[in-house]
Amino acid sequence: MTALDDPAWRLFEQRFGALRRARQTETLLTFAAIVLLFVAAAVWTDFLPDKVADGVPRIGEYFGKLFTIEPTRGAEPVGVLSLSHLFGGVKQPQSVAYWFYRIDVYVALLWQTIQMAILATALGFAAAFAVSFPATRSLVGSGAAVFVTRRCLELMRTVPQVVLAFILVWPFGIGPLAGILAIAIHTTGTLGKLFCELNENAERGPVDGIRATGGSWLAQMRLGVVPQVMPGFLSYALLRFEINVRSSTIIGFVGAGGIGQELKRVIGFNIYEEVSAIVILILLIVVAIDLASEQIRRRFIGAMA
């Protein structure tokens, strides 16, 4: 009798085949549900192919206006910018140099934006660090404390930063302070959630050892958990700082300081050259911050891990 004739092998094949068919059916049903949800969301949000096809060609209108020489009043249209015109001097309208004729103002506002992101990230990191430990189920015996703390973190990260900034502009006035507080609150909620997950994955051995020797709860956290999770904490903080730099730009639209206020002004007046100049500067700042963060991760976080 061969192995294929063995009753046990036949039973195994039957059960394995049934399990595989059940898994395939589950996969198909899951895929069908995802497709159905996607179609429903597209219909409800007007994300329709015809509207997308109509809108895509208009994306080039911005660049058409940007790279077309505007005629003087009563004159004939001049046409598309030539290279000599595009790279002309500061006094040449619609040249690249002309875009940046207010670069001193832009740099000052960008520096204010970066300072806002630094302060907001530092405040959010400190608050999230302190709150993440009582919000971790495996580190706290009180379920009520964990529940309340986690709901507070959810509230902080649920409200969009622009809405928070708009609310805080009323009591604190127009300026960077409202923006810093709005970003700090949202950062606390986001980092607090991430820090809790890192705490959950920390090894229990050091914590149990400190507890066995009579160490307090604070000692267990400081000596048993923090050394394990700190590299992850710093990595998430650097990522959040990059996000906060961009967020500091966006919340300026509601008067919360930074380069965003100036960006809103030039967009409102359809000053395409200045919009492009600000966007280019923001892009350069984000790239520089990303490169610097990568070096910090390699030198400091890698050494701590």
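The values are calculated or read from the model by the stated rules, or taken from the named source; none is laboratory data. It should be emphasised that the depicted structure is a prediction, and the values quoted were computed from it without experimental measurement. Glycine gets a Cβ as well: all are built from the backbone with ideal geometry, and neighbour counts include every protein chain shown. Surface accessibility is based on the protein's heavy atoms, side chains included, excluding ligands, DNA and RNA. Shrake-Rupley method; radii C 1.70, N 1.55, O 1.52, S 1.80 Å.
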Filtered residues of the range 213-262 (kept if part of a helix (DSSP H, G or I) and either among the β-branched types (V, I, T) or on the phi > 0 side of the Ramachandran plot (or both)) = V225, V226, V229, I243, V245, T249, I250, I251, V254, I259
Can you tell me which residues in the range 199-212 are in contact with a helix residue (DSSP H, G or I) (Cβ under 9 Å, 6 or more places away or on another chain), free of Cβ contacts under 8 Å to residues at least 40 places away in the same chain and either assigned to a helix (DSSP H, G or I) or more than 26 Å from R157 (Cα to Cα) (or both)?
-> E203, G205, P206, D208, G209, I210, R211
Neighbours by Cβ (under 7 Å, 6+ apart or cross-chain): first from the range 283-300, in the same structural domain as N244 (by TED's automatic domain parsing) and of a type in the set (K, R); second open to solvent by less than 80 Å² (accessible area, probe 1.4 Å) and assigned to a helix (DSSP H, G or I) | R297/S235; R297/L238
All positions within the range 180-205 that are open to solvent by less than 60 Å² (accessible area, probe 1.4 Å) and at pLDDT below 90 = A202, G205
Residue count, the range 101-122 (criterion: assigned to a helix (DSSP H, G or I), touching a helix residue (DSSP H, G or I) at 6+ places or on another chain (Cβ under 8 Å) and not polar (S, T, N, Q)) = 12
Quick one: which residue in I118, I114 is open to solvent by 70 Å² or more (accessible area, probe 1.4 Å) and among the β-branched types (V, I, T)?
-> I118
Can you tell me which of F125, F129, F63 is part of a helix (DSSP H, G or I), at pLDDT below 70 and closer than 29 Å to R246 by Cα?
-> F63
Identity of the residue in the range 218-273, among the acidic types (D, E) and modelled with pLDDT under 85, that ends up surrounded by the fewest Cβ atoms within 10 Å (Cβ to Cβ) | E273
Mind checking which residues of the range 169-179 are part of a loop (DSSP other than H, G, I, E, B) and either without any contact (Cβ under 8 Å) to a residue 12 or more places away in the chain or not assigned by TED's automatic domain parsing to the domain that holds M116 (or both)?
-> G173
Could you say whether any residue in the range 149-168 is among the polar types (S, T, N, Q), assigned to a helix (DSSP H, G or I) and open to solvent by 30 Å² or more (accessible area, probe 1.4 Å)?
-> yes
